[in-house]
Protein chains: 4
Amino acid sequence: MSYAKQMLDTYPRDFNLDAGTLAATIDALSDCAQACTACADDCLSEEMVAELTKCIRTCLDCDDVCTATLRVVSRQTEYDANVTRAVLQACVAVCKSCGDECERHAGMHEHCRVCAEACRRCEQACNDLLAAMK
Amino acid sequence: MSYAKQMLDTYPRDFNLDAGTLAATIDALSDCAQACTACADDCLSEEMVAELTKCIRTCLDCDDVCTATLRVVSRQTEYDANVTRAVLQACVAVCKSCGDECERHAGMHEHCRVCAEACRRCEQACNDLLAAMK
Amino acid sequence: MSYAKQMLDTYPRDFNLDAGTLAATIDALSDCAQACTACADDCLSEEMVAELTKCIRTCLDCDDVCTATLRVVSRQTEYDANVTRAVLQACVAVCKSCGDECERHAGMHEHCRVCAEACRRCEQACNDLLAAMK
Amino acid sequence: MSYAKQMLDTYPRDFNLDAGTLAATIDALSDCAQACTACADDCLSEEMVAELTKCIRTCLDCDDVCTATLRVVSRQTEYDANVTRAVLQACVAVCKSCGDECERHAGMHEHCRVCAEACRRCEQACNDLLAAMK
C-alpha cells in the first residue's frame, strides 16, 4: 500500500478536497504512470513492434502527464483550483487516448490489456476528483 | 543553442506543425522548467522563505507541467491533436499562475523577476503553438 | 495494488532479474517518490518552514531520482547492467540522505516520520536489487 | 539562451561550485534530455524501427536520468556532495551508453548523429563538474 493517504492525514493545515478521493486519485495516477512505462517497454520487445508505434508513443505521453499530475495533486500548499483543473483535464485526455489505443491491442497483448485497465481507472479517478472539486 | 530545431529537421516523416514555431516552444518550455527549478530553490534559501511558500509551490508545479509538455510536443509520431491541445492548455494555466506569483516578488527578488520572464515567454510560446494548431 | 508484477509477468521476452524482487523495488520507488512530493509540500505548510529547508530540498532530489530510477528499472528491453547499477547506486545515496534528514524531524512532524520510513524501505529495496544483480 | 547562468547569479547565498561550469552543465543536461526525447521518437517513426529498439530504450533512460540530474544540480540549498556526485556518475554512465548506441546508427540516421553529439557533450560536462567538485 502506498503512503498517499497517510501523507494527506499528516498535512499540517486544512485542505479543500476529500482525503479519500484524493488518495485514490494519487494511487491511480501512480499505478497508471508505471503501467505505461512498462507497456511502452513491453511493446518495444514485441516482434511486431512496427505495428505498436502508436501504442508506445501514447504510453510515453500518458506516463509523463500522469507523473506531472500526480505531483500537482499531491501538493496542498496554496492550492490553485484553475491549475489543478487544467492539469486533471489534460490527464483525462491522455488517459482516454492511451486507454483506447491499448484496448485495440488487448486481445493480442496481455500487457496492453492490463495497461488499458490502468488508463481507464486513472481517467475515472481524475474525473472523480474533478467532480469533487466543484 | 539547443538541438530542438536540428532534431525536428531530421524527423523521418512529415509533421503537421511549423518546425520553427515548434522549436521555439520546445526551447521556451525547457528554459521555463529550469528557471522554475532554480527559482523554487532560490526562494528556499531566502531568509524570508515563509513569505515565499506560494512561489515555491507554483514553481514546482510549473516545472513539472513544463517538463511533461516539453516531452509531449517533442514527439511527432502518431500526433494526437486532442492530447497536445489539452496539455498545452494546462501548461498555459500553470505558466500564467506562476508568472503572476513570481511577478509579485520581482521587485524584491531578482530570481523571481527572471523566472516571471521565463514563465511569460513560455505561456506566449504555448499560446503561439495552440494558435498554429488551428 | 500496483500493476508492476502483472506488467513484468506479461513482458514478451526473458529477463535477467527475479520478477518478485523487481516488482517490490518498483513499488518501493513509486511509494517513496510520492511520499517525498508530499513531505516537501507538508514542510512548506509548516509554520517553522525556515527550519525545514534542508528537508524540502532533499525530498525534491529524492523524488526526482526515485522517479527516474523507477522508469529505468521498469524497462527490460536491452538491459544494460552498468546503467541500472549506477542509477540504483545514486538512488541509494539520495534515499539515505533524505531518510536521515526526515528522521531528524520525525519526533516533531509525523509526515517526516512516514517519509523517513518510505526512504528507508526504498533504500533497502534498491540495495536488494543491486545484490540480486550480482 | 537559457536562464541557467542568470538564475545562479541571483542565488541569495554563496555556493561551492563555479557558476560558469555549473551553468554549462545545466545547459548540456537540458539539451541532451530534449535530444533524447526527440531521438527516441524519431527512431519510432523509422521504417526499420525493429532494429532501433536498443536506441529507443537507451534514449528513454538517458532522458529520464538527465532530467533528474538537471534538477539536482540546479539546486544549491543545503548542497550534499555525496548525492550530487552519485547522481552525476549515474548520468555519465547513461550518457556514455546512449552516446555509444546512437553513434552506431549515426551513419544511417542523422537524428542519431545529433543525439550522439548531445550525449557526448553532456557526458563531458558532467565529468567536468565532477572534476570541479574535488
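Throughout, read-outs are computed from the coordinates displayed, never taken from laboratory work. Nothing here was measured: the structure is a model prediction, and the numbers come from that model. Positions of Cβ are backbone-derived with ideal geometry, glycine not excepted, and every protein chain shown enters the neighbour counts.
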*Dipole of chain A, Cα-centred, from +1 at each Lys and Arg C-beta and -1 at each Asp and Glu C-beta, to the nearest 20 debye?*
460
_Highest-MSF residue in chain D out of D:C119, D:C55, D:C66 [GNM, Cα springs under 10 Å]_ = D:C55
*How well do other chains shield peptide A:15-27, expressed as the mean number of their Cβ atoms within 10 Å of each residue Cβ?*
1
_Sites D:M48 and B:A132, calculated FRET efficiency, Cβ-Cβ separation with R0 35 Å, nearest 0.05_ = 0.70
*Going by the rotation axis that takes chain A to chain C, pick out the residue of A with the closest C-beta and quote the gap in whole Å.*
A:S30, 3
*Averaged over D:44-52, how many beta carbons belonging to a partner chain fall within 10 Å of each residue's beta carbon?*
6
*Nearest-ten-degree value, helix D:81-104 long axis tilted from longest Cα axis of chain D*: 20
*May I ask you to list the residues of the stretch B:109-134 whose amide nitrogen lies under 14 Å from a point 7 Å from Cα along the Cα→beta-carbon direction of B:R85?*
B:129-134
_Principal-axis tilt of helix D:110-133 within chain D, Cα atoms, nearest 10 degrees_ = 20
*Evaluate the relative contact order of the stretch D:2-92 (contact order divided by residue number), counting alpha-carbon pairs under 8 angstrom at least 6 apart; express in whole percent.*
27
*Using a label point 7 angstrom from Cα along Cα-to-C-beta, what distances in nm, from shortest up, separate A:A81 from the other copies?*
3.2, 5.1, 5.6
_Calculated label separations, D:L130, copies of the chain, 7 Å along the beta-carbon direction, nm_ = 1.5, 4.3, 4.6
_Explain nothing, just the number: dipole magnitude of the protein assembly as shown about its Cα centre with +1 on each Lys and Arg Cβ and -1 on each Asp and Glu Cβ, in debye rounded to the nearest 20._
0
*Lys and Arg at +1, Asp and Glu at -1: add these up for the other residues within a Cβ distance under 12 Å of D:L52 and post the number.*
-4
*Is the shape of the protein assembly as shown best called rounded, prolate or oblate, per the rule: a/c under 1.5 gives rounded, else a/b larger than b/c gives prolate, else oblate, with a ≥ b ≥ c the square roots of the Cα gyration tensor eigenvalues?*
rounded
*Mean-position separation - Cα centroids, the stretch B:86-116 and the stretch D:1-71, in angstrom*: 23
_Over 16 Å [Cα-Cα, the stretch C:1-124], rounded percent_ = 59
*For chain A, what is the mean residue ellipticity at 222 nm derived from helices alone (per DSSP H run of n ≥ 4: -39500 (n - 2.57); sum divided by total residues; nearest 500 deg cm²/dmol)?*
-26500 deg cm²/dmol
*Taking chain A as a Gaussian network, where each spring joins two C-alpha atoms under 10 Å apart, which residue of A:L22, A:L52, A:L70 fluctuates the most?*
A:L52
*How many nanometers, to one decimal and shortest first, lie between the label point of A:A19 and those of its other copies, if labels sit 7 Å from Cα toward Cβ?*
3.6, 4.5, 5.4
*Nearest 10 degrees, 0 to 90: what angle lies between the long axis of helix C:19-44 and the longest principal axis of chain C (Cα atoms)?*
20
